[in-house]
Amino acid sequence: MTIRPIIGLEIHVQLATRTKLFCGCRLEFAAAPNTHVCPVCLGLPGALPVMNRQAFEFAVLGGLALECDIAGVTKWDRKSYYYPDMPKNFQTSQYDLPVASKGGFTIPTVNGALRRIGIIRAHLEEDAGKNLHEGLNHTRVDLNRAGTPLLEIVTEPDIANADEAYTFCVELQKLVRFLGISDADMQKGQMRFEPNVNVSITDDDGTEYRTPISEIKNLNSFRSVRSSIEYEIRRQVDAWRDDHDYTLEKRGKQNFGWNDQLEVTEFQRGKEESHDYRYFAEPDLVPAKLDAAELSGFRARVGELPLVRQARFIKSFGMTEKDCEIIMADRATADLYEAAIDAGADTKILTKQFVGVWNHIASASQQSVAQTGIDAAAVTQLAQLVADGTISASAASQVAEQHCKNINTAEPSNARDSVDLAAIATELGLVQERDENQLAAWVDAAIAANQQAFDDATTNPKKAKAALGFLRGQVMKLSQGKADPKLAGQMLEDRLNKSST
Ligand SMILES: [Zn+2]
């Protein structure tokens, strides 16, 4: 018997617009209930919606990055259903003319290969409000969320297992953040997932069975995507073992919820077919149009996709995957890195400083490097200071921290002009001593005070290496850490070589 899971995903991504999809109400997470509402998003009779162009443009950018065909004309449809959090009794969505269709998204797999998952469509729709269940006796409705723009992305059932689904969701989060079309903050429900799962079972006679498709509703974490799919595959195979009539043919599609505490799926209801929704064209909205010139402009804005850029960074700049993850935290940080490379920064030092210095500072305030306001001049200068031996690699952190303090306190207009990290290094007394007479004096003093180490270094091959290391340490100690270790070490070695010949 062989088992092959068949998995597709429906993902709702909240777009990072300032206002709602069809009205001017502001989007604000956790605002007091029903404070961001108007006749349009309350669904009052006679109110007329107007499309938020920004949301439409974000959807086009998302569609292009998912390698989709973009519709020149896309229209709106009403999807009818009745819920207390949906006072209009329909959701404005897109049915037969989605903004984007027939694409693909390439993700890395565990063995390092790449896999392209087909994208059926991506369309715009509005979110519903929220039911607030308060105790056993009453539920209140908050309509602040009603009308929030969502991009619904539907994949082909190309996903082979739970890990791949997990990776898809993680990579999609990176993509939408990279494009700047969504903050994709899971804590705020800005990304929600609905896996469709069933299993193809081929028994020993070669007969294939397909279990009913389960749609697991409304997951809001990557972990629950993985766990619920793993659970559902096991459950379906067991159900089929008990009853060979447990098939898609006989049972159709079914909706399940995910119980995060018990880690089990729970049957909700048989799934509606699309005709149950009585889709029909929205008469109150004009179709959204996009001409060829606008489309090519959007294509240029998408630019190089994260996975392609990541591969280029790793190859061209010799960084590890882990470093790359940090440097590509967002598009602006990656741009900052490349700007410093273009300005002539040493690649190895720059990478080290991005990960160990700049990112360290940025993460203390939960920001990306670019979000802290550091510019390309600063990161280039810091790399340069270490490359030419002006400061030590470890002193770089202090210089960077002082620079960040300065830009946080400076008037925004002055901050750009005053980037001078060498001056900061001097002020902090971190400039390394490179004067050869001074270094020679420390070398002499270190040798004079440690005759045994000097003898070992020059005449005892077995102990020479350790003795050299010891003497290096003594030189640095005498200089109180000020000596340029590279230059001083070189001078020490020259002295020892001269004495041993
Ligand atoms: Zn409104």
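The values are calculated or read from the model by the stated rules, or taken from the named source; none is laboratory data. Everything numeric in this text was worked out from a predicted model, so none of it was measured. Please note: Cβ atoms are built from the backbone with ideal geometry, for glycine as well, and neighbour counts cover all protein chains shown. Remember, those area values only see protein heavy atoms, side chains included, never the ligands or the DNA or RNA. Shrake-Rupley method; radii C 1.70, N 1.55, O 1.52, S 1.80 Å.
Listed by chain and number, the lysines whose alpha-carbon sits under 25 Å from that of K486, ignoring those within fewer than 8 places in the same chain, are K348, K352, K462, K463, K465, K477, K498.
Expressed as a whole percent, the accessible surface of the range 198-271 that belongs to carbon and sulfur atoms is 41, based on a 1.4 Å probe. For the chain, the Cβ-based charge dipole about the Cα centre amounts to some 480 debye (Lys, Arg positive; Asp, Glu negative; other atoms uncharged). Across the range 198-271, Cα-Cα pairs more than 14 Å apart make up 60 percent of the total. Here the range 304-427 has 50 percent of its accessible surface on carbon and sulfur atoms, given a 1.4 Å probe and all protein chains in place. How would the range 244-323 be classified by its alpha-carbon gyration tensor: rounded, prolate or oblate, with rounded meaning a/c under 1.5 and the a/b versus b/c comparison settling the rest? Taking the square roots of the gyration eigenvalues as a ≥ b ≥ c, the range 244-323 is oblate.
Using Cβ point charges alone (K and R +1, D and E -1), the dipole size of the range 436-500 about the Cα centre works out to roughly 220 debye.
Report the one residue of T92, P33, G118 whose Cα lies farthest in the direction of the positive end of the charge dipole of the range 24-141 (charges on C-beta: Lys and Arg +1, Asp and Glu -1; origin at the Cα centre). Looking along the dipole axis, the top candidate is G118.
Using a 7 Å offset from the Cα along the Cα-to-Cβ direction at both A448 and A292, what is the distance between the two label points in nm, to one decimal? With each label point 7 Å from Cα toward Cβ, the separation is 8.4 nm. Solvent-accessible area per residue in the range 89-198 equals 40 Å², computed with a 1.4 angstrom probe and all protein chains kept. Here the sum of -39500 (n - 2.57) over DSSP H runs of 4 or more residues, divided by the residues of the chain, equals -12500 deg cm²/dmol at 222 nm, to the nearest 500. Taken along the Cα-to-beta-carbon direction at a fixed 7 Å, the label points for A311 and H138 span 5.9 nm. Of the residues L468, S368, Q381, the one whose Cα sits farthest towards the positive end of the charge dipole of the chain is L468 (charges of +1 on Lys and Arg Cβ, -1 on Asp and Glu Cβ, taken about the Cα centre). Legend: calculated FRET efficiency, D242 to E401, from the Cβ-Cβ distance at R0 = 60 Å, rounded to 0.05, equals 0.40. Only Lys, Arg, Asp and Glu carry charge here, each on its Cβ (+1 for the first two, -1 for the last two); on that basis the range 198-271 has a dipole of about 480 debye about its Cα centre. Bridgeable lysines around K250 (alpha carbons under 26 Å apart, same-chain partners fewer than 8 residues away excluded): K217, K271.
Measuring r between the beta carbons of L44 and K130 and using R0 = 25 Å, the FRET efficiency lands at 0.85. Of the residues D183, D127, D203, the one with the largest accessible area comes first in the ranking D183, D203, D127, computed with a 1.4 Å probe on protein heavy atoms.
In straight-distance terms, cross-link reach from K289 covers every one of the lysines whose alpha-carbon lies under 18 Å from its own, apart from those fewer than eight places away in the same chain; here that gives K75. Probing with 1.4 Å while keeping every protein chain in the model, the per residue accessible area of the range 304-427 equals 50 Å².
Taking the centroid of alpha carbons for each part, the range 128-207 and the range 107-125 are 14 Å apart.
On the principal axes of its alpha carbon atoms, the chain extends 93, 65, 53 Å, with the longest extent given first. Shape summary of the range 436-500, radius of gyration then Dmax from alpha carbon positions: 10.6, 31 Å.
Note on the range 304-427: Kirkwood hydrodynamic radius from all Cα pairs is 14.5 Å, rounded to one decimal. Of the accessible area of the range 436-500, computed with a 1.4 Å probe over protein heavy atoms only, carbon and sulfur atoms account for 52 percent. Restricting the range 1-94 to chymotrypsin sites (Phe, Trp or Tyr not before Pro) that sit in a DSSP loop and have at most 11 other Cβ atoms within 10 Å of their own Cβ leaves Y82.
Between T409 and S80, the distance separating the two model label sites (each 7 Å from Cα on the Cα→Cβ line) works out to 6.7 nm.
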